[in-house]
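The values are calculated or read from the model by the stated rules, or taken from the named source; none is laboratory data. On a predicted model such as this, the values are computed, not experimentally measured, just so you know. Here Cβ is always computed from backbone atoms with ideal geometry, including for glycine, and neighbour counts include all displayed protein chains. Each accessible area value is taken on the protein alone, full model and side chains, heavy atoms only, with ligands, DNA and RNA left out. Shrake-Rupley method; radii C 1.70, N 1.55, O 1.52, S 1.80 Å.
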Amino acid sequence: MITLTEENYIKTIYHLSTNGEKTVNTNAIAEVMQTKASSVTDMIKKLSEKNYADYKKYQGVTLTEDGRRVAVNIIRKHRLWEVFLVEKLNFSWDEVHEVAEHLEHIKSDKLVDELDAFLEFPTYDPHGDPIPDKEGNFKPLEKIVLAKAEVGATYKCIGVDDTSSKFLKYLDSNKIALGTIMKVLHKEPFDHSVKLALEHAEIVVSYSVAKNLYLKKIEG
């Protein structure tokens, strides 16, 4: 039986890696989990004993196929619950993450499958992140961060990297959301800020914003 804490560690390792394949060091895990490196090592040894992780001293940890399967299932549940909270319970996109953190640990596969069907099998969550299907497959999505967007081109906002409440509230205050159309007017060489033309106004966003907005180019 896998515990809630073990699930959180597995999910953290997955997010710190590249699709669960890149080796992750214990200090990085400790920083995310806000705990001591020694505690991380103890947990990783437990995960290794359960065949969820491969740990090599001084090298780091990778997820096994079983570990990756657990991580992707948690992510699927988390993102489905976020869709449910936004679409059916009228939560805003800056409110759902913390609630979904609790709901993602529900163990009923039938509940999650029925939730997926009830929501008509969504492929993206309210932040634009892909939702894996029951088999763990993610739908690929072409995207570029605003910081690397082309001046003069027009884009649609399709996701965010920073899902913190502060950042999402900032976007709301500037009327930027998924689906927002924006034209890149200018990129300032000095501080890398970006001037945008939105439907309602022209605004300037900082580099810290520009590197956290995912866009898809609109051709024509």
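Going by the conditions given, is residue 156 open to solvent by 20 Å² or more (accessible area, probe 1.4 Å), assigned to a strand (DSSP E or B) and out of contact with any helix residue (DSSP H, G or I) (no Cβ under 9 Å at 6 or more places or on another chain)? If you could, list the steps in order and put the result at the bottom.
Working: open to solvent by 20 Å² or more (accessible area, probe 1.4 Å): yes; assigned to a strand (DSSP E or B): yes; out of contact with any helix residue (DSSP H, G or I) (no Cβ under 9 Å at 6 or more places or on another chain): yes.
Yes, satisfied.
What are the residue pairs meeting all of these: first residue in segment 1-22, first residue open to solvent by 80 Å² or more (accessible area, probe 1.4 Å), second residue among the β-branched types (Val, Ile, Thr), Cβ atoms under 7 Å, and 6 or more apart or on different chains?
Short answer, once both residue conditions are applied: 21/62.
For the structure I just gave you, tell me whether residue 195 is without any contact (Cβ under 8 Å) to a residue 40 or more places away in the chain, of a type in the set (Lys, Arg) and loosely packed, with under 15 Cβ neighbours inside 10 Å.
Judged against the criteria, residue 195 is not a match.
Just to be sure I understand the filter: pairs with C-beta atoms under 7 Å, separated by 6 or more residues or on different chains, first member in segment 91-110 and more than 24 Å from residue 1 (Cα to Cα), second member part of a loop (DSSP other than H, G, I, E, B). Which pairs pass?
Sorted first by the residue in segment 91-110, then by its partner, the pairs are 93/126; 93/127; 96/126; 97/163.
Residue check, residue 200 against (1) open to solvent by 20 Å² or more (accessible area, probe 1.4 Å); (2) more than 26 Å from residue 123 (Cβ to Cβ); (3) modelled with pLDDT of 95 or more, all met but one. Which one?
Condition not satisfied by residue 200: (3).
State the number of residues belonging to segment 168-178 that are in contact (Cβ under 8 Å) with a residue 24 or more places away in the chain and open to solvent by 20 Å² or more (accessible area, probe 1.4 Å).
Here the count works out to 7.
Sort through 150, 219 and tell me the only one that's among the acidic types (Asp, Glu), over 24 Å from residue 79 (Cβ atoms) and free of Cβ contacts under 8 Å to residues at least 12 places away in the same chain.
Details: 150 fails: free of Cβ contacts under 8 Å to residues at least 12 places away in the same chain.
Answer to the selection: 219.
Can you give me the number of residues within segment 127-137 that are over 25 Å from residue 193 (Cβ atoms) and free of Cβ contacts under 8 Å to residues at least 60 places away in the same chain? First the steps, then the outcome.
Within segment 127-137, the first condition is being over 25 Å from residue 193 (Cβ atoms), and the residues that meet it are 129-137.
From what's left, free of Cβ contacts under 8 Å to residues at least 60 places away in the same chain: 129-131, 133-135, 137.
The qualifying residues number 7.
If you take the residues in segment 179-192 that are among the hydrophobic types (A, V, I, L, M, F, W, C) and open to solvent by less than 70 Å² (accessible area, probe 1.4 Å), which one is farthest from residue 216 (Cα to Cα)?
Restricting attention to segment 179-192, the residues satisfying the condition of being among the hydrophobic types (A, V, I, L, M, F, W, C) are 181-182, 184-185, 190.
Then keep just the ones that are open to solvent by less than 70 Å² (accessible area, probe 1.4 Å); that gives 182, 184-185.
Working: 182: 10, 184: 12, 185: 16 Å.
Going through the qualifying residues, I end up with 185.
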